[in-house]
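Asks: Before we start, here is the structure in question, set down as structure tokens.
Just so you know, all these numbers are worked out from the coordinates, no wet-lab data involved. On a predicted model such as this, the values are computed, not experimentally measured, just so you know. Quick reminder, even Gly has a Cβ in these numbers, built from the backbone with ideal geometry, and neighbours come from all protein chains shown.
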Amino acid sequence: MEPDRRRVKLYELDAENQWLDKGTGLISQQYVEVKEGFCLIVRSEEDASVLLNSKIRKEDTYHRQQGTAHT
């Protein structure tokens, strides 16, 4: 595992306020030109597909819970 990547479990809150398990992967941050900013990117442990590519915005609040980041 690269030093700037951490293993994470990814969930998504659906329209009925239920948490959906989206998988486990490695998270990193990098500049994405198309989004014109830094993004959080999660790649699947299984096949390296992108599970999340989300621009980091100053309007969002990020915090840690048991060593993990949440928005």
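Asks: Would you mind checking which residues have amide H under 5 Å from Arg6's amide H? H placed 1.01 Å from N; only 5 or more apart, or other chain.
Replies: Ile27
Asks: In whole Hz and in residue order, list the ³J(HN,Hα) couplings for the stretch 39-52 that follow from phi through the Karplus curve 6.51 cos²θ - 1.76 cosθ + 1.60, θ = phi - 60°; x for Gly and Pro.
Replies: 10, 8, 10, 10, 10, 4, 5, 6, 9, 6, 5, 7, 8, 8
Asks: Would you pull out the residues with amide H under 5 Å of Ile56's amide H, same chain only if 5 or more places away, H placed 1.01 Å from N?
Replies: Under 5 Å from the amide H of Ile56: Phe38, Cys39, Leu40.
Asks: Same structure again: May I ask for the net charge around Gly23, where only other residues with Cβ less than 9 Å from the Cβ of Gly23 are counted and Lys, Arg are +1 while Asp, Glu are -1?
Replies: Neighbour charge sum, excluding Gly23 itself: -1.
Asks: Another one. Enumerate the aspartates and glutamates that Lys55 could reach by cross-link, defined here as Cα to Cα under 15 Å, with residues fewer than 8 away along the same chain left out.
Replies: Hits, sequence-local ones excluded: Glu33, Glu36.
Asks: With θ taken as phi - 60° and the coefficients 6.51, -1.76 and 1.60, list the Karplus ³J(HN,Hα) couplings across the stretch 7-21 in order, rounded to whole Hz; mark glycine and proline as x.
Replies: Each residue's phi maps through the Karplus curve to give 7, 9, 10, 10, 10, 10, 8, 8, 4, 9, 6, 10, 7, 9, 6 Hz.
Asks: Taking amide hydrogens as modeled 1.01 Å from N in the peptide plane, which residues meet the under 5 Å criterion relative to Glu45, leaving out close sequence neighbours?
Replies: Result for Glu45 returns Thr24, Gly25, Leu26.
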